[in-house]
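S.K.: Input: one structure, supplied below.
The values are calculated or read from the model by the stated rules, or taken from the named source; none is laboratory data. Only a predicted model underlies this, so the values are computations on that prediction, with no experimental measurement involved. All Cβ positions, glycine included, derive from the backbone under ideal geometry; neighbour counts span all protein chains shown. Just the protein is used for accessible areas: all its heavy atoms, side chains included, with ligands, DNA and RNA removed. Shrake-Rupley method; radii C 1.70, N 1.55, O 1.52, S 1.80 Å.
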Amino acid sequence: MKEKGDLRRLALQHERALNTFVREAWGQIPEERETKLKSLKAWGFDLLTGLRDGRDSIFVAEAGQHKVGERYEREGEQFEVHKIIEDLKGAKLRIRVELEDRRGVIRAYHRSTEGDDTLLFTLPAGELLLAYFRKRRFGKLVEAFHSSGLTTEFIQARGQEGRAYSFDDLPAKWRRALKEAQNMLHDRVGVGRFSLVYFGPNKDGDDRYIVTWLLPTIHLFDLDVAEHLEKLLSALD
């Protein structure tokens, strides 16, 4: 009996593999991008000018945490806030993702009009992404977040696994999901992978499925990309 059960599980596993549908587009994974300084607000930061250990500097802090004239200490450094900046004409924000200690790390630099870079912060990519998603109330992205390096993986699964549907048997909603994933990869990010395996509805009529997304971490800091992915995941429920 045990052998028959093992054979059945193996057959279902093979069937699932054969009926996991993939959309992907590959090239060089982007590691750096420039964006507007106002993006800091979307991620939950204020851009400040003042003194950093007695030297004129530009730095960041959690949005709303500090006021003009305030002095504070962070990680052994002394800060004094002179101004909270909404934008700097002609200035840019450069963000870079790297692998460090086996995980993704984000470094953000303020680039002046003269082309000089000032490091604003270094944070684990996962920590920054989750804080950003929570601030924007992207609940599906928070729930599906799985891991983050140069790419970030999201896994959204519902219900118990069962017999995987073939492509010809997929309901229109799930064929549409494959098409929208293809559009997302080619039109918005250029690099990444989407996979779908569908097990049909349960006895209550709720869909059972597993969906995964693998996307360049750097692109998720584009608010339009993150918002669109949130909508795609929400549409599956």
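S.K.: Just to be sure I understand, how many residues within the stretch 116-145 are among the charged types (D, E, K, R) and part of a helix (DSSP H, G or I)?
M.R.: Counting residues in the stretch 116-145 that are among the charged types (D, E, K, R) and part of a helix (DSSP H, G or I) gives 5.
S.K.: Scan the stretch 20-76 residue by residue and report those that are over 23 Å from the mean Cα position of the chain (by Cα) and closer than 20 Å to Thr217 by Cβ.
M.R.: Within the stretch 20-76, none qualify.
S.K.: A further question on this structure: Could you list, in sequence order, the residues of the stretch 179-200 that are closer than 14 Å to Gly27 by Cβ, in a helix (DSSP H, G or I) and of a type in the set (A, V, I, L, M)?
M.R.: Selection gives Leu185, Val189.
S.K.: Taking the residues in the stretch 151-178 that are in a helix (DSSP H, G or I) and of a type in the set (Asp, Glu) as candidates, determine which candidate is least open to solvent (accessible area, probe 1.4 Å).
M.R.: Among them, the one singled out is Asp169.
S.K.: Moving on to the next point. Is it fair to say Arg55 is modelled with pLDDT of 85 or more and farther than 19 Å from Tyr132 by Cβ?
M.R.: yes
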